[in-house]
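Everything on this sheet refers to the single structure shown next.
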């Protein structure tokens, strides 16, 4: 095995758009679950709205890239309001089921031929990159060093994604240190006590759902920047990957989603390179097909997630005291 190549291919994922996008979307889950106690299993739906809102605005209506970004954010806000009005009074397990269903409704609508003129149904959308790339401040050339070598376009995608991630981290850090954030944490612990103090618990939950949904939409926007938008990408498994990242880094933390996303993608990239190589040399009994060995990484990550939940449910950066929340 070429360990040098494997190491380069693994480290390249540190600054991949997917790593940045998953960190932003998982930060939204941290707002929902870690701070607000909302068991949201539909974050993939918010990501889909951010990506499709951007792509459709640019392609169909001729919006500039920043206008498409605002449309995606607005779509996430509207979706959060529609989703929250009938569901936020549900118990946590029922809320989880409702959010999974809502995210699937969104994905299937984008996949349906009813809106084919706007979404291109199952084939997805592409060719919407010109507006964003024309705003690239970096002159043509090659940038970076070692495993981190990019064209000017690739660098612009990563730099803008990191800017969005930095803004998202700052916003969440500020609001969670504010009186609003303390009320939200109180609702997570005991919403009846907060309600007894005269606070409108439903309104706070709605605000939490909107804020986390907007972060999910920004994550979907970053995913869409270098590639096409395809409905098959926003399956429920995407939300489960985000939950893996959240639990790995720490649910009620600011930087836990960033650390979790880095570790998740580094592990996935490492296994995607190592397992097929081991299978081709016959070192994995019963697996001689490299492509099948690559799928083994999902099993290993699933086992790791079970161990994390069993032995360190607060995650790497989390505090176990922050893991209690009101599930009524």
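Computed from the coordinates by the stated procedures, all read-outs in this text should not be read as laboratory data. Predicted model only: the values in this text are computed from it and were never measured. Using ideal geometry, Cβ is built from the backbone for each residue, glycine included, and neighbour counts are taken over all protein chains shown.
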Work the Kirkwood hydrodynamic radius out for region 3-235: mean of 1/r over every pair of different alpha-carbon atoms, inverted, in Å. 18.7 Å
Expressed in nm to one decimal, what extension gain is obtained for the pair residue 60 and residue 6 from 0.36 nm per residue of sequence separation less their Cα-Cα distance? 15.3 nm
Rounded to one decimal in nm, the spacing of the 7 Å Cα→Cβ label points at residue 115 and residue 130 is 2.4 nm
Protection-proxy order for peptides 28-34, 184-190, 122-128, 173-179, each taking the mean of Cβ atoms within 10 Å per residue, highest first: 28-34, 184-190, 122-128, 173-179
Cα extents of region 122-210 along the three principal axes, largest first, in whole Å? 61, 36, 23
How much length would be gained if the chain were fully extended between residue 300 and residue 91, taking 0.36 nm per residue of separation minus their Cα-Cα distance, in nm to one decimal? 72.1 nm
If you find the alpha carbon centre of region 23-88 and of region 208-262, how far apart are they in angstrom? 11 Å
Could you check the simple spin-label distance between residue 148 and residue 232, using points 7 Å along Cα→Cβ, in nm with one decimal? 3.3 nm
In nm, the gap between the two label points placed 7 Å beyond Cα toward Cβ at residue 123 and residue 307 is 4.6 nm
On average, how much area does the Cα convex hull of region 225-272 cover when viewed from any direction, in nm²? 4.2 nm²
